[in-house]
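Everything on this sheet refers to the single structure shown next.
Readers should treat all values here as calculations from the given coordinates under stated rules, not as data from a laboratory. A quick note: this is a predicted structure, and the numbers were derived from the prediction, not measured. Here Cβ is always computed from backbone atoms with ideal geometry, including for glycine, and neighbour counts include all displayed protein chains.
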Amino acid sequence: MDEARRAALNAWLSQAAGTPVEIGAASLLSGGAIQQNWAISVTRGGAAEEWVLRTDNAATLTVSLPRTAEYALLRAAFSADVTVPEPLFCCEDASIIGAPFFVMRRVPGTATAFRLAKLAAALGGDAELVRHAGKEMARIHSIVPPRDDLAFLGAPPADAGVEFVRAMRERLDAAGTPRPVLEWGLFALERHPVPPLAPVLCHNDFRTGNLMVEGHAVTAVLDWEFAAWGDPHADLGWFCAPCWRFGNLALEAGGLGPRAALLEGYGPAADPSRLPFWELAASIRWAVIAADQGARHLSGQERGLELALTAHIIPELELDILRQVEDLDARSA
Amino acid sequence: MLEAPDAADLLATARDSLLQKLLPALPAHLHYEARMAANAIAIASRAIPADPAPLAARLAELAEDAAGFAARIRAGEFAPGAPRHAEAAALLRDMARLRCSVSAPRALR
């Protein structure tokens, strides 16, 4: 962060806070492929505070929400008692630091998936942590449409499962690379539909790696940019999908703990019979996202090793998908 | 006709050099990038002996090409109970396994 930006940011934050804000140390945290996160130490009215500033990278996935929408989601979640970093200020003016941004309070903990998976494996599974994750998810799902503050999410789908299959096929067609295994999976979802439920707010990237954890507690649910109205079991399925277990295949809830503990923490609204559908959907969705990321490299739009290697995750997801289709067929046989 | 060491040998040698000599000398913030480079070399090395020809021949028995296969699956032509369901399922499994042998061999264990 150069001096000019820092000065502009100080001025903007001071005005937003209604008291002088001065940024001290600023360092780039390990961010995602889409956005940048800066850890900033500030003084607000003379008192020291630790914040995170979140803004966009140059190349943004078109399917993700802009920072301002993510801020509105964070506020909605904070009000619904979801454990999230307290949202502080949001700036839509791209001229201050080059892109819209928001700031939130920094929370303690680690989100590094492989580290958390290793810790959980050493315990033979961390049921307490996973129960806590289930509780957080249920709180997110207590947010239901219609909501004026979340109008950017659009109208909820009449049938989230049917809409999922339609949207994935549309993305596969747009990408233009034939993916027979993904078609196999989508066709299986079509053959084994789940009856629609009343829509709720789905986080849509609720997984190990996006949960800040300290000890056995979730200290923050991060990365709200894929949130949408949908079937609550889409989040449960995403968390439990084999691709998000980080080497701990037997710890079915995010590679962290037993699935039963997640469902227990979630509460009676969870219907385990809907999970095979949504876990298969999760594998397909991650494969479609990975294919799109690989395509960004292949097209020359944004060349780089990380995007190139993400495409090579797809074959393993295909093995998952074929197994999941067999399971789904066996269940209903 | 080509000079030895061949592509596989060069890639393996370059990967060893990257991991054993370069990586320890790199600052911590570049370790992830270096490990990704080593991973890319490993995938490229495994791609050299991979032979999709036998599976392509089986695919040609079922559909005109991969795009045709995908479209026919979507249209329900290989649904459970259809005459060529098992054949299609077996081909998909073998294709995924071949692709994993290059991209993610650990998934085959």
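Points worth noting:
- Seen through its C-alpha gyration tensor, with square-root eigenvalues sorted a ≥ b ≥ c, the range A:113-332 comes out rounded because a/c lies under 1.5.
- The residues neighbouring A:Ala160, those whose beta-carbon lies less than 12 Å from its own, together hold a net charge of -2 under the Lys/Arg +1, Asp/Glu -1 convention.
- Principal axis dimensions, largest first and in whole angstrom, of the range B:7-47 by Cα: 30, 15, 8
- Across the range B:29-43, rounded Karplus estimates of 3J(HN,Hα) from the backbone phi angles (6.51 cos²θ - 1.76 cosθ + 1.60, θ = phi - 60°) give 6, 9, 4, 4, 4, 5, 5, 5, 4, 4, 5, 4, 5, 5, 5 Hz, Gly and Pro being marked x.
- For the range A:35-191, the relative contact order works out to 17 percent when only alpha carbon pairs closer than 8 Å and six or more residues apart are counted.
- Relative contact order [Cα under 8 Å, 6+ residues apart], chain B, whole percent: 24
- Top of A:Ala76, A:Ala17, A:Ala308 by mean-square fluctuation, Gaussian network on chain A, Cα under 10 Å: A:Ala17
- When all alpha carbon pairs of the protein assembly as shown are counted in 10 Å bins from zero, the resulting P(r) reads 4, 18, 28, 26, 16, 6, 2, 0 %.
- Dipole magnitude for chain A: about 280 debye, using +1 per Lys or Arg Cβ and -1 per Asp or Glu Cβ, origin at the Cα centre.
- Cα pair count fraction exceeding 17 Å, expressed as % - the range B:53-108: 39
- Using C-alpha pairs under 8 Å with a sequence gap of at least 6, the mean separation divided by the residue count of chain A gives a relative contact order of 16 percent.
- Helix A:180-191 vs. chain A, principal-axis angle (Cα, 0 to 90°, nearest 10): 80
- Helix-only [θ]222 nm of the protein assembly as shown, DSSP H runs n ≥ 4, -39500 (n - 2.57) each, per residue, nearest 500: -15500 deg cm²/dmol
- Three-way shape call for the range A:80-163 based on the alpha-carbon gyration tensor, with the a/c threshold at 1.5: oblate
- Between 0 and 90°, nearest 10: helix A:275-298 axis offset from chain A longest Cα axis: 60
- Remark: the range A:158-166, residue by residue, has Karplus-estimated 3J(HN,Hα) of 5, 9, 4, x, 5, 5, 4, 4, 4 Hz, where x stands for each Gly or Pro and the curve is 6.51 cos²θ - 1.76 cosθ + 1.60 at θ = phi - 60°.
- The overall shape of chain B, judged from the alpha-carbon gyration tensor, is prolate: a/c is not under 1.5, and a/b is greater than b/c.
- Fluctuation leader among B:Leu18, B:Leu62, B:Leu26 - chain B, Gaussian network, Cα springs under 10 angstrom: B:Leu26
- Dipole magnitude of the range A:43-175 about its Cα centre (Cβ charges: Lys, Arg +1; Asp, Glu -1), debye to nearest 20: 360
- Computed over chain B with a Gaussian network model linking Cα atoms closer than 10 Å, the most mobile of B:Pro83, B:Pro49, B:Pro27 is B:Pro27.
- This ranking places A:Leu317, A:Leu150 by how few other beta-carbon atoms lie within 10 Å of each, fewest first, which gives A:Leu150, A:Leu317.
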